[in-house]
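Inspection log for the structure reproduced underneath, given as structure tokens.
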Amino acid sequence: MSKVRELINRHFGPDALVWFDRAYLVDWVAVTGIWVLSQLVSWSPVYERKFSKSDPLISFSHRKNQVGSATNHFLALFGPLAVFFVVGALKKNLLLIHHAAIGVWASRGLARLVTQVLKHSVGRLRPDFLARCKWNHVMETCSGKAQDVIDGRKSFPSGHSSTAFSGMVFLSLWIAGQTAAWCFSTPKSPGRLRSSRIALFLLTLFPLFWATHVAVTRIQDHRHHKEDVIVGSFVGILSGLICYLIFWPSPFHASTFHFENYGQPRILYTRDDYGRPRVTEFELAQSRLDEDGENTV
């Protein structure tokens, strides 16, 4: 343990862990518990609703996924984590890495739990359900693979959409919080290429473009109805927004960027200098005049 601390201090500095509190361990346990609970729900029985063999809404052909589940999960979780680790390492900021990592871990876990609960409770049939079912007219039952038939009852909401948006919305919010890209009233330093408003704004949109692409393919692949995709996307967006704001200040408010070291996450359990507002010379002079009892009007 001492070697790990020595390694951290060597790269991130001797005060790299001054912000840490044991309550963060509880946070990690709680978030991991959400993931465990979502897995338990995924093993529970799916509600089996009745269907008509002539229903056109579930009579679409079965197609191959354009974006596989494994690829979607990997990009939604490890894509943002890779960005956080690289930026945090370059800035030598362990606090940034920690809060970004637990935030996206919480966002993904929360979206997954809500999605699994709704899928198993609603049991809506996918557009390609009859192709999965392969109805046997003699036995009066589905003759397709059992797992395919069960999965065909999990249309609402779209898990791909909630997964993609929960990770990508968090990443977009984080980029905006680091660059003030969504707070247009914040002034930018002139003479710098990285100060470009449009470039920074587009940078924050790239993750959202990917999430939107994933959502659209679910309709194209006959895996979900449009309502499934809309609700799944909403679950992911809301999860990303809530979990980001727990650990990071709002990227929409100008007050967030009125600090010398803006871009820092919230210090939840310890008092520190992070996020303390700058005191300008004017404010300092005014404060002294007020203390002397002089008229400052």
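Worth pointing out:
- Answer residue from region 123-162, given it is surrounded by fewer than 17 Cβ atoms within 10 Å (Cβ to Cβ) and of a type in the set (A, V, I, L, M) and is nearest to residue 42 (Cα to Cα) among those: 150
- Put simply, of 156, 170, 234 the only residue that is more than 30 Å from residue 51 (Cα to Cα) and hydrophobic (A, V, I, L, M, F, W, C) is 170.
- Residue in region 1-49 that is surrounded by the most Cβ atoms within 10 Å (Cβ to Cβ), counting only those that are β-branched (Val, Ile, Thr) and at pLDDT below 80: 8
- Note on region 55-67: residues that are in a helix (DSSP H, G or I) and in contact with a Ser or Thr (Cβ under 9 Å, 6 or more places away or on another chain) total 1.
- Checking each residue in region 54-77 for being out of contact with any His (no Cβ under 9 Å at 6 or more places or on another chain) and exposed (fewer than 11 other Cβ atoms within 10 Å of the Cβ) picks out 54, 56, 64, 70.
- When 162, 155, 121, 107 are screened for being touching a residue at least 40 places away in the same chain (Cβ under 8 Å), in contact with an Asp or Glu (Cβ under 8 Å, 6 or more places away or on another chain) and over 17 Å from residue 264 (Cβ atoms), only 155 passes.
- Residue list for region 184-215, filter: β-branched (Val, Ile, Thr) and exposed (fewer than 14 other Cβ atoms within 10 Å of the Cβ): 198
- In region 129-149, the qualifying residues are those that are touching a helix residue (DSSP H, G or I) at 6+ places or on another chain (Cβ under 7 Å) and in a helix (DSSP H, G or I), and the one that is farthest from residue 50 (Cα to Cα) is 148.
- No other residue among 70, 82, 101, 89 is small (Gly, Ala, Ser), in contact (Cβ under 8 Å) with a residue 24 or more places away in the chain and either farther than 28 Å from residue 47 by Cβ or not in a loop (DSSP other than H, G, I, E, B) (or both) apart from 89.
The values are calculated or read from the model by the stated rules, or taken from the named source; none is laboratory data. As the structure is a computational prediction, the values presented were derived from the model and not from experiment. Heads up, the Cβs are rebuilt from the backbone with ideal geometry, glycines too, and the neighbour counts pull from every protein chain shown.
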